[in-house]
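In what follows, a structure is listed as structure tokens, so that the remarks can point back to it.
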């Protein structure tokens, strides 16, 4: 695909993610008012089970397909057919596990909840959707990718509201919406990708490449799951699903608010980083990595600080009253947590994936997950939800520092200190002026525009290098 075409399509990612983010924010706004904390908490636990199965069974395969697409692109049909054949083999393995658990659960030998059994089906549907999206992204089929980003959360919201409208006492509306949305989105996108691969054949060498690169990712993603989800499981263990619902609603809201721009950035830049690395263009690779980091500093860092600073106003709009317990403390912690995690996953971890050093990344996550579990066991019983948030924040920070220092041993990682210092200085000025506005008893309607206006003007005047570089490369 030519560079001009890439430039003309890149903003599809931005627009589609904005629409998807709006749907998901609307979902949180409605669900925290329609459903009880217990129902929402049960859904959060269900989602955690789904993420566990996906991380243990499927994610290593998906990332391997993503990583080696350009290496085997000249044999596209064979690569696609091999990728899906191996995926269906994993699905068969999961079906065997499901039957084993179902049979022994029904006979009384094992105690397995129905929600966990249902999560096996949900994990399969989510994983095929994620695989399809990765292939659409790496192949730069931007329009179809963007449509899927919008349609899937729209289906989720619509089905949930439909079920709740006709069965208002149903405890499973969120689960039905989750499964249905991924099922429908997966069917048509799978057909779209595989319809013209009839001339391809299965290649065992591609599978071997997937296994050698991706199998260590099983441990990596398993530890990633522990690091990102153990807090919810332990909150449910020490307290109940109501507390999980409160924690999960605030967590998911801030995750969506902070990371959606991070994900857009990665979807646009990573395919170019991958392609540049395969071509061996070291200078261009370093430039792209620097651009990626600078965008984090200029855009994502001030966004995180903005959300933390105006957390009470933001949560009063989007989070229902029943879910506002300790939000004023949780939201700032989550804001910085997801900035750190986004910087690790969507910047420093690129080094390990490109250099095929996934074992090293796995060890970092293992260390971080062990710290997180230990801290959660200590702090959750004492400090409830804030104990979980603080434990995860500290674990994320440790993982980020380790990823930075270990990544420097594999690839040059340039940090533009002037851009970083100017961004921090401009955010500080914006906060200071906003404080003055607040002290003068001006309402929040004046405080928020003041913060945005001051930071934007200072950035455009004195710190817009990264923005101009991005526009030059990826925009009309």
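The values are calculated or read from the model by the stated rules, or taken from the named source; none is laboratory data. Everything numeric here is computed off the predicted structure, so don't read it as measured data. Counting neighbours? That spans all protein chains shown, and the Cβs are built from the backbone with ideal geometry, glycine included.
If the condition is being in a helix (DSSP H, G or I), closer than 16 Å to residue 194 by Cβ and touching a helix residue (DSSP H, G or I) at 6+ places or on another chain (Cβ under 6 Å), then the range 62-83 contributes 62, 65, 82, 83. Pairing residues of the range 213-240 that are more than 24 Å from residue 380 (Cβ to Cβ) with residues that are modelled with pLDDT under 80 and surrounded by fewer than 19 Cβ atoms within 10 Å (Cβ to Cβ), at Cβ distances under 9 Å and at least 6 apart in sequence or on separate chains, gives 213/356; 216/359; 219/359; 220/359. The set of residues from the range 156-171 being surrounded by 19 or more Cβ atoms within 10 Å (Cβ to Cβ) and without any contact (Cβ under 8 Å) to a residue 60 or more places away in the chain comprises just one member, 159. Just wondering, is there one or more residues in the range 135-151 that are under 23 Å from residue 57 (Cα atoms), free of Cβ contacts under 8 Å to residues at least 60 places away in the same chain and surrounded by fewer than 17 Cβ atoms within 10 Å (Cβ to Cβ)? Within the range 135-151, none of the residues are under 23 Å from residue 57 (Cα atoms), free of Cβ contacts under 8 Å to residues at least 60 places away in the same chain and surrounded by fewer than 17 Cβ atoms within 10 Å (Cβ to Cβ).
Answer with yes or no whether residue 103 is without any contact (Cβ under 8 Å) to a residue 40 or more places away in the chain and out of contact with any strand residue (DSSP E or B) (no Cβ under 7 Å at 6 or more places or on another chain). The answer is yes for residue 103. Among the residues of the range 245-252, are any more than 24 Å from residue 137 (Cβ to Cβ) and surrounded by fewer than 19 Cβ atoms within 10 Å (Cβ to Cβ)? Scanning the range 245-252, I find no residue that is more than 24 Å from residue 137 (Cβ to Cβ) and surrounded by fewer than 19 Cβ atoms within 10 Å (Cβ to Cβ), so the answer is no. Condition check: modelled with pLDDT of 85 or more, in the same structural domain as residue 390 (by TED's automatic domain parsing) and either closer than 29 Å to residue 37 by Cα or under 15 Å from the mean Cα position of the chain (by Cα) (or both). Does residue 226 satisfy that? Judged against the criteria, residue 226 is not a match. Can residue 373 be described as at pLDDT below 90, touching a helix residue (DSSP H, G or I) at 6+ places or on another chain (Cβ under 8 Å) and closer than 30 Å to residue 228 by Cα? No; evaluated as a whole, the condition is false for this residue. For residue 264, the requirement of being under 19 Å from the mean Cα position of the chain (by Cα) and farther than 22 Å from residue 380 by Cβ is met. Of the residues 138, 80, 103, 128, the single one that is assigned by TED's automatic domain parsing to the domain that holds residue 176 and farther than 30 Å from residue 279 by Cα is 103. Restricting attention to the range 220-241, the residues that are within 30 Å of residue 71 (Cα to Cα) and surrounded by fewer than 19 Cβ atoms within 10 Å (Cβ to Cβ) add up to 0.
Looking at the structure I just gave you, is residue 440 loosely packed, with under 12 Cβ neighbours inside 10 Å, farther than 30 Å from residue 285 by Cβ and out of contact with any strand residue (DSSP E or B) (no Cβ under 9 Å at 6 or more places or on another chain)? Here the answer is yes, as residue 440 does meet what is asked.
Every condition in (1) buried (at least 20 other Cβ atoms within 10 Å of the Cβ); (2) farther than 30 Å from residue 171 by Cβ is met by residue 261 except one, and the failing one is (1).
Of the helices (runs of 4 or more DSSP H) that lie entirely inside the range 415-476, those containing 1 or more residues that are modelled with pLDDT of 90 or more and over 27 Å from the mean Cα position of the chain (by Cα) span 417-439, 444-462. Is it the case that residue 99 is in a helix (DSSP H, G or I), over 24 Å from residue 350 (Cα atoms) and under 23 Å from the mean Cα position of the chain (by Cα)? When the stated conditions are applied, residue 99 does not pass them.
Table: residues versus (1) modelled with pLDDT of 90 or more; (2) in a helix (DSSP H, G or I); (3) within 18 Å of residue 21 (Cβ to Cβ); (4) in the same structural domain as residue 122 (by TED's automatic domain parsing).
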{"position": "146", "(1), (2), (3), (4)": "no, yes, yes, yes"}
{"position": "158", "(1), (2), (3), (4)": "yes, yes, yes, yes"}
{"position": "161", "(1), (2), (3), (4)": "yes, yes, no, yes"}
{"position": "179", "(1), (2), (3), (4)": "yes, yes, no, yes"}
{"position": "184", "(1), (2), (3), (4)": "yes, yes, no, yes"}
{"position": "206", "(1), (2), (3), (4)": "no, yes, no, yes"}
{"position": "215", "(1), (2), (3), (4)": "no, yes, no, yes"}
